[in-house]
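Working notes, structure below.
Taken together, the values in this text are just the output of simple stated rules run on the coordinates, not laboratory data. Quick caveat, the model's predicted, so the values are computed rather than measured. Cβ placement follows ideal geometry from the backbone for every residue including glycine, while neighbour counts extend to all protein chains displayed.
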Amino acid sequence: MTAQLIDGKALSEQLRKEVATRAAALKVKGITPGLAVILVGDNQASQVYVRNKVKACEDVGFHSVLEKYDASMTEAELLARVEALNNDPSIHGILVQLPLPKHIDDHKVIETISPAKDVDGFHVASAGALMVGEVGFKACTPYGCMKMLESIGMKDLRGKHAVVIGRSNIVGKPMAMMLLAANATVTVTHSGTADLGAMTRQADIIVAAVGKVDVLTADMVKPDAVVIDVGMNRNAEGKLCGDVDFNGVKEVAGYITPVPGGVGPMTITMLLVNTMESAERAAG
Ligand code: GUN
C-alpha cells in the first residue's frame, strides 16, 4: 500500500490566492494589511525564514516591514520597537523572529506584542483564547496542520483518535488544543512517554513534532492512519527530512505529508491568513 500525499505546496498556493483576493477587497476600502517582522542578530536560518515571510507578504499584496537589528540591541530597545508597532495603525501583525540573542528575554518580548497583532499566536492571551475557544490568533504551524486535515475531508474529528508527538508551546500543545476543538480524542506524547509505539499504533491521526529523525517508523503506524510530519531536520547525508521515516511509513499510512513540501509552506501561509484576519478585524 502507498499513502496519498497531502501536498502542502499546492494547498498553500490555493489559500494564498484566497488571501490575495481578500487583501484586494480590503484595499478598496483604503486598508492594506501590514506585517512587521523583526529580526535581531545574524542567525542564518532566521535570515532565510524572515526573507521568505516578507516575500510571501509581497506576493499577496500586503505591506511588509522588515526591521533588522544588530545582536547588540538591548531588550529595552526591542521592547520599545514592539510598543511603537503596537501603536502603528498601518501594521496589523507583529512577528519577532525567534530565537533571540541570549541577553533578551523572549517571553517578555512576546508578552509585549499586543494580542490584537500577535499573528504568530505565541502570546499567553492567544494560547488562552485557543484553550477556552475564544477569538484569538492560532499558532501558524498547528493551524496549517488543521487546514491540511480539512483538505482531505477531516474537519470534524469526532470519533477519531489523534496522537501528538511533542509538547512544545509553539506546536505540540496548540496542536492538541486545535484537535480537541475539532472533537478528536487527543493523546499528547513526549520524551517522558514510556512506549510511544503503543500510543501511535492506536492513532487515526499522528502529528510528529519533535525535531528528530525517524521518531515515527512503519511499525508504529496503524494501516490507513493520517500522518502529519512537522519535523525539519537534516539526515546523516545532509538531506532535508522530517521526523517520520517517510519511505517506510508511506507503505502503511493512508495519507502522509512530505518534507519538504508539506507542513513547511503551510506555516507561512497561515501567518498570512492571521495577518489578513487581523486587518479585517481592524477594519471592523
Ligand atoms: N522561529 C522559527 N519559527 C518561528 C515562527 O514561526 N515564528 C517566530 N516568531 N519565530 C520562529
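Taking the listed residues Ser90, Ser168, Ser126, the one that is hydroxyl-bearing (Ser, Thr, Tyr), closer than 28 Å to Thr189 by Cα and part of a loop (DSSP other than H, G, I, E, B) is Ser168, with no other qualifying.
Suppose the filter is in a helix (DSSP H, G or I), without any contact (Cβ under 8 Å) to a residue 12 or more places away in the chain and within 18 Å of Asn274 (Cβ to Cβ); does Ala25 pass it?
On the way: in a helix (DSSP H, G or I): yes; without any contact (Cβ under 8 Å) to a residue 12 or more places away in the chain: yes; within 18 Å of Asn274 (Cβ to Cβ): yes.
Taking the combined requirement at face value, the residue satisfies it.
Just one of the listed residues (Val119, Val54) is free of Cβ contacts under 8 Å to residues at least 24 places away in the same chain, within 14 Å of the ligand (Cβ to nearest atom), closer than 30 Å to Pro258 by Cβ and surrounded by 14 or more Cβ atoms within 10 Å (Cβ to Cβ), and it is Val54.
Just the residues that are closer than 30 Å to Lys222 by Cβ, away from the ligand (no atom under 16 Å from the Cβ) and in a helix (DSSP H, G or I), please, taken from the range 243-284. Answer for the range 243-284, where residues must be closer than 30 Å to Lys222 by Cβ, away from the ligand (no atom under 16 Å from the Cβ) and in a helix (DSSP H, G or I): Phe246, Asn247, Gly248, Val249.
In the range 149-188, of all residues being without any contact (Cβ under 8 Å) to a residue 24 or more places away in the chain and within 15 Å of the chain's Cα centre (by Cα), the one that is surrounded by the fewest Cβ atoms within 10 Å (Cβ to Cβ) corresponds to Arg167.
Here is a yes/no grid of residues against (1) touching a Cys at 6+ places or on another chain (Cβ under 6 Å); (2) over 13 Å from Ile165 (Cβ atoms); (3) not basic (Lys, Arg):
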| residue | (1), (2), (3) |
| --- | --- |
| Gly192 | no, no, yes |
| Gly197 | no, no, yes |
| Lys222 | no, yes, no |
| Ile228 | yes, no, yes |
| Gly231 | no, no, yes |
| Gly242 | no, no, yes |
| Phe246 | no, yes, yes |
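Scanning the range 130-148 for residues that are of a type in the set (A, V, I, L, M, F, W, C) and in contact (Cβ under 8 Å) with a residue 12 or more places away in the chain yields Leu130, Met131, Phe137, Ala139, Cys140, Cys145, Met146, Met148.
Note on the range 1-51: among residues that are more than 26 Å from Phe246 (Cβ to Cβ), among the small types (Gly, Ala, Ser) and away from the ligand (no atom under 16 Å from the Cβ), the one that is surrounded by the fewest Cβ atoms within 10 Å (Cβ to Cβ) is Gly30.
Out of curiosity, is Lys108 under 24 Å from the mean Cα position of the chain (by Cα), in a helix (DSSP H, G or I), closer than 17 Å to Leu271 by Cα and within 15 Å of the ligand (Cβ to nearest atom)? No.
Residues in the range 91-105 that are crowded, with 16+ Cβ neighbours inside 10 Å and more than 10 Å from the ligand (Cβ to nearest atom): Ile91, His92, Gly93, Pro101, Ile104. The residue of the range 57-72 that is nearest to the ligand (Cβ to nearest atom), among those that are assigned to a helix (DSSP H, G or I) and touching a residue at least 40 places away in the same chain (Cβ under 8 Å), is Cys57.
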